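Worksheet: one structure, shown below.
The values are calculated or read from the model by the stated rules, or taken from the named source; none is laboratory data. Source: prediction; values computed, not measured. For neighbour counting, all protein chains shown are included, and Cβ atoms are generated from backbone atoms with ideal geometry for every residue, glycine included. Accessible surface areas use protein heavy atoms only, side chains included; no ligands, DNA or RNA. Shrake-Rupley method; radii C 1.70, N 1.55, O 1.52, S 1.80 Å.
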Amino acid sequence: MLRQMRLESQELRFDEEKCDEARRFNNKLWNALRFIASLDEGLPERIELPPIDLLTLADCWILAKLHATVNVVTHAYDNFEMGVAADALVQFGWYTFCDWYLESAKANAQRGTRMAVLTYVLDTFVRLMHPIAPFVTEEITSVLRPAGPSIVVSAWPMRATFRPTPSLSDYDRFMTTVERLRNARSELGIAPKAKVVVTGPEIDEAIAEQLRLLAGVEFRSDDSVPGETFAQRLDALRIQADPALLRERYTREIAKLDVEVERLEKKLANEKFVANAKPEVVAAERDKLDDYRGQRDAARAALGALA
């Protein structure tokens, strides 16, 4: 219900669907705790992060997202914006942590750091969530810190900015690639459990393993020349399926990207926009245009390879 609190004087109608949503969210967090506790490493005696040079790309990504959430939620509480705080908590806890990082933690490449990062993130998150969900967060804390004090007297997470060495945009692009491959499977009518092969230039073994876990695909190198950037290598990954189905899908993808490229080209050709917008906004739009062009080039190359 707190997610609906947007106006100070707004009257809220009781909605059982919101109650069910909260129940499912609490259940999601509890299952996340059960998964963490079931890992071979066992829960640590102390909750602390490993040295930053040992963190993987996925670790750095989740920690940066966590610290951003700490800042948003703390500011929202300070200003009595309960709806903003609740939204940020659900977005991070359900989508960012459970749907993405928790799944990626199953990869062998994550074994060295996953327990420390998982417990640190969940412990920090439940302290953020405690003011609006006191019971489930107390229970989770009692498992994470069995010898520790109640969460009621735990320190509030400090506001901070996490600046890791790897580019966080790399993991964002990886997520985009996973979603693209999932969508391609659906559009091509491939059964969820059917084995699917994707080909492209050589990629890191850890990334290939994460693609298998999150997108349900097996990577095979096609010995093509790799792109200069991580994003270019991911954009070149293509599902192997019926050529007619692939041709139809790539054609639709190119048409969609043509629209985006044309829209941004017109926007950036507008002298008033370039002159009046903030430099960082203009730069972001130019980066987006380059990104769409790169994706379109990769799709055109894939379509041409089918001919």
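Numerical summary
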| read-out | value |
| --- | --- |
| Condition met for T137 (buried (at least 19 other Cβ atoms within 10 Å of the Cβ) and touching a Gly at 6+ places or on another chain (Cβ under 8 Å)) | no |
| Any helices (runs of 4 or more DSSP H) falling wholly within region 207-285 and containing at least 1 residues that are closer than 25 Å to L57 by Cα and out of contact with any Gly (no Cβ under 6 Å at 6 or more places or on another chain) | 230-235 |
| All positions within region 171-206 that are part of a loop (DSSP other than H, G, I, E, B) and either among the hydroxyl-bearing types (S, T, Y) or farther than 21 Å from L63 by Cβ (or both) | L188, G189, I190, A191, P192, K193, A194, K195, P201, E202, I203 |
| Search result, residues across region 106-164 that are acidic (D, E) and within 23 Å of the chain's Cα centre (by Cα) | D123 |
| Looking only at region 186-222, and only at residues there that are under 19 Å from D99 (Cα atoms) and among the charged types (D, E, K, R), the one that is least open to solvent (accessible area, probe 1.4 Å) | E209 |
| Residue check for V117: assigned to a helix (DSSP H, G or I) and surrounded by 22 or more Cβ atoms within 10 Å (Cβ to Cβ) | yes |
| Filtered residue count, region 99-114, keeping only those that are hydrophobic (A, V, I, L, M, F, W, C) and open to solvent by less than 10 Å² (accessible area, probe 1.4 Å) | 3 |
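Yes/no matrix, rows are residues, columns are (1) free of Cβ contacts under 8 Å to residues at least 24 places away in the same chain; (2) over 30 Å from L188 (Cα atoms); (3) open to solvent by 60 Å² or more (accessible area, probe 1.4 Å):
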| position | (1), (2), (3) |
| --- | --- |
| L245 | no, no, yes |
| T251 | no, no, yes |
| A255 | yes, no, no |
| V259 | yes, no, yes |
| L264 | no, no, no |
| K272 | yes, yes, yes |
| A277 | yes, yes, no |
| E280 | yes, yes, yes |
